[in-house]
Amino acid sequence: MMQNRLEQAIHGKGAFRYFKDTIEELGISQGGYDFKAQAMLEIAKEWCEDQGIAYQQKGANK
């Protein structure tokens, strides 16, 4: 079961590396990277708006 493997992966010495290897093996790492990238984009956009800084997202017009 995927949940059990992920829970086991986050314990003990080297947990970060083991977790990363496990999500690669399960084929779910890209979803995490996509989520992080979208979250970082939203943080950057909000900061720019708060500072009154114009921005243009690559590949989009704003």
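Quick look at the values:
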{"read-out": "Residues of the stretch 12-55 classified as of a type in the set (D, E, K, R), in a loop (DSSP other than H, G, I, E, B) and at pLDDT 95 or above, total", "value": "0"}
{"read-out": "Complete set of residues in the stretch 29-57 that are touching a helix residue (DSSP H, G or I) at 6+ places or on another chain (Cβ under 8 Å) and either under 18 Å from Glu7 (Cβ atoms) or hydroxyl-bearing (Ser, Thr, Tyr) (or both)", "value": "Ser29, Gly32, Tyr55"}
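The values are calculated or read from the model by the stated rules, or taken from the named source; none is laboratory data. What you see is a predicted model, and the numbers here were worked out from it, not measured in a lab. A quick note on method: Cβ atoms are made from the backbone with ideal geometry, for glycine too, and the neighbour counts reach across all protein chains shown.
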